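The values are calculated or read from the model by the stated rules, or taken from the named source; none is laboratory data. This one's a predicted model, so the numbers in the text were calculated from it and none came from an experiment. FYI the Cβ positions are ideal-geometry reconstructions off the backbone, even for glycines, and counts take in every protein chain you see.
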Amino acid sequence: MKKFFRFFISKQFLINIGVIILVWVAIIFGELWYLKSHTSFGEKIEVPTFYKIHMDDLDEFVSGKGIKYTIQDSVYMDNWPKGTVCWQYPLPTDSSGMFIKSGREVLLSVVPLNPQMIKMPDVVDMSKRMAESSLEAIGLRTKISYEPAIEGKGFVLKQQYNGHDIKPGTTIPKGTRVELIVAQGTNGTTSSLPNLIGLTISEAQARLSNLTLSLYIDCNGCSEEDKPNTIIVEQSPRGGEGVNVSAGTTITVWSGKGE
């Protein structure tokens, strides 16, 4: 037993332990050096706000910031300066708390200088859901409003653009918003209003699809591709169990990315 304990305090054992410790220290510091020099481990670069920067000024804007950018698509937006950035990912650090490493690309969407023009189809007399699907399939956004009408409840009475009736075949910019006036049935009816906070836009649209309520979405800077998956953070008027509003009421929701 004494020989066993003597071995643990012997010079040879202590030398071996010391060598093992030195090797492990060298390995740890070597890995940290490799991560820092080859993967920018621990580096944090703030993501600037690209919104409303003109695409001709982007090279100068990112100069010296250690980041790159890629314009991945164009999205038409009402009342947004043409040729400027309307969406970015990752989001700006000052609003999201997100950081990136040097050389990371920021994905951008810009408002086109000359948006693609498409012909307005005829969706009058279609059901609300079919009309929305038909317009969204060709790149048009929709806003739903209701008017009292005894017959044709849930069907489109009028199609309007910029507050005026728009005839089928009229060319309008892709991505613009068309207002659909839908029959709400007998005047004076009410509809239950669910709580939409925490749902995605697509889930909220499905929740309201069988109700005589319209949905207006405020998602500033969101691309049309990402909008259905953004999370609703506020709604007006507020909904919930036992809450009823007049049929035809427009529900305004504010949404943002789930990240």
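Contact map, the range 70-90: first residue over 11 Å from LEU113 (Cα atoms), second residue of a type in the set (Phe, Trp, Tyr), Cβ cut-off under 6 Å, separation 6 or more or different chains; pairs are VAL85/PHE50; VAL85/TYR51; CYS86/TRP80; GLN88/PHE50.
Checking the structure you have, find out if any residue of the range 190-197 is of a type outside the set (Val, Ile, Thr) and under 30 Å from PRO81 (Cα atoms).
At the first step, the residues of the range 190-197 found to be of a type outside the set (Val, Ile, Thr) are 191-196.
Still in the running and under 30 Å from PRO81 (Cα atoms): none.
Taking every residue of the range 190-197 in turn, none turns out to be of a type outside the set (Val, Ile, Thr) and under 30 Å from PRO81 (Cα atoms).
Starting from residues that are at pLDDT 80 or above and crowded, with 17+ Cβ neighbours inside 10 Å, keep the ones in the range 215-225 and report whichever is farthest from GLU147 (Cα to Cα). Checking each candidate, the answer is CYS219. Could you tell me which residue of the range 62-91 is farthest from VAL178 (Cα to Cα), considering only residues that are assigned to a loop (DSSP other than H, G, I, E, B) and of a type in the set (Phe, Trp, Tyr)? Ranking the qualifying residues of the range 62-91, first place goes to TRP80.
Which one is surrounded by the most Cβ atoms within 10 Å (Cβ to Cβ), of the residues in the range 227-259 that are polar (S, T, N, Q) and modelled with pLDDT of 85 or more?
Of all residues in the range 227-259, those polar (S, T, N, Q) come to 229-230, 235-236, 244, 246, 249-250, 252, 255.
Then drop every residue that is not modelled with pLDDT of 85 or more, which leaves 229-230, 235-236, 244, 252, 255.
Working: ASN229: 14, THR230: 20, GLN235: 20, SER236: 12, ASN244: 12, THR252: 13, SER255: 25.
Here the residue is SER255.
Residue count for the range 201-214, restricted to those that are under 23 Å from TYR76 (Cα atoms) and at pLDDT 85 or above: 3. Filtering the range 67-117 to residues that are closer than 15 Å to CYS222 by Cβ, touching a strand residue (DSSP E or B) at 6+ places or on another chain (Cβ under 6 Å) and hydrophobic (A, V, I, L, M, F, W, C) leaves VAL75, MET77, TRP80, VAL85, CYS86, TRP87, LEU107, LEU108, VAL110, VAL111.
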